[in-house]
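Here's the structure we're looking at; comments come further down.
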Amino acid sequence: MAEKNLQTQKDAPVPGLDWHWHLAQGPEEVDTTELEFALMRTFEGFGRWQSECLASVCDLAATGPENALLHIIRMNDRPKTIKDLARLTNRDDVPNIQYSLRKLIGAGLVLRRGAGRSGVTYEVTEEGRRVTDDYGALRRRLLIQAVANVPGFSERLAEATRALNLLSGIYEEISRVAATHRRG
């Protein structure tokens, strides 16, 4: 019902509201632009949530992406290479990933093992394990409980995940096309 009402609002002129601008001139552009702005706001809110949740369980001022690296390194309790981390985060900014890893290592949460280009892996320390466990517990108490309190939201999250994964692939492909046909 709410989705239909929003669609009706966009289709019918509403005094004081203009849905059309240089990025959104037709219905598909309006919908795409609204989603992109929602993604930006969600990304920023998610980053703040990650930073605040981590700050609640340890004394590290970390960004959302740094927090994500910590949890991905812990994932499946297997060491990860920098190539693994870049692939799992869909990032290609290896110098920034390396900077974040140095920060996590300096905080005593991650350990670097091995040498050379292909032999280096990263894994969580015992302190990293404690911090990620405490983070997970706090996440369950706050975020997961809030999600569970919204009827039908779990199914909506699964649908959103499928849509975002599809959209991620579309953005990757059109990024390649734009790079291939870039001027100058």
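The values are calculated or read from the model by the stated rules, or taken from the named source; none is laboratory data. Every value quoted in this text rests on a predicted model; they were computed, and no experiment measured them. FYI the Cβ positions are ideal-geometry reconstructions off the backbone, even for glycines, and counts take in every protein chain you see. Calculation scope for accessible area: heavy atoms of the full protein, side chains included, ligands and nucleic acids excluded. Shrake-Rupley method; radii C 1.70, N 1.55, O 1.52, S 1.80 Å.
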Under 16 Å from the T121 label point (7 Å along Cα→beta-carbon), backbone N, region 71-93: 72-86
How do 125-132, 62-69, 139-146, 85-92 rank on mean C-beta neighbours within 10 Å, highest first? 62-69, 125-132, 85-92, 139-146
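Size of the dipole of region 34-184 about the Cα centre, Lys and Arg at +1 and Asp and Glu at -1 on the beta carbon, nothing else charged, in debye to 20? Before the final figure, lay out the partial values.
Numbers: 23 positive and 19 negative charges, 92 e Å.
Here region 34-184 has a charge dipole of around 440 debye.
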If you work out log10 I(q)/I(0) by the Debye sum over Cα atoms at q = 0.08, 0.15 Å⁻¹ from the coordinates, which of [x] -0.38, -1.07; [y] -0.24, -0.88; [z] -0.31, -0.93 do you get? [x]
Compute a Gaussian network model of the chain, connecting alpha carbons closer than 10 Å, and tell me which residue from S56, S154, S168 fluctuates the most. S168
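Would you please put 94-104, 108-118 in order of how densely packed they are, using the mean number of other Cβ atoms within 10 angstrom per residue and starting with the highest? The partial results should precede the final answer.
Working: 94-104: 15.5, 108-118: 13.4.
Top to bottom by mean Cβ count within 10 Å: 94-104, 108-118.
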Whole-angstrom Cα spans of region 83-127 along principal axes, big to small: 28, 19, 16
Of all accessible surface on the chain at a 1.4 Å probe, what whole percent is carbon and sulfur? 57 percent
Y171 label point, 7 Å along Cα→Cβ, cut-off 14 Å on backbone N: hits in region 28-47? 32-47
Which FRET efficiency, nearest 0.05, do V147 and D59 yield, Cβ-Cβ r, R0 30 Å? 0.60
Contour minus Cα-Cα distance for F43 and D92 (0.36 nm per residue): 15.8 nm
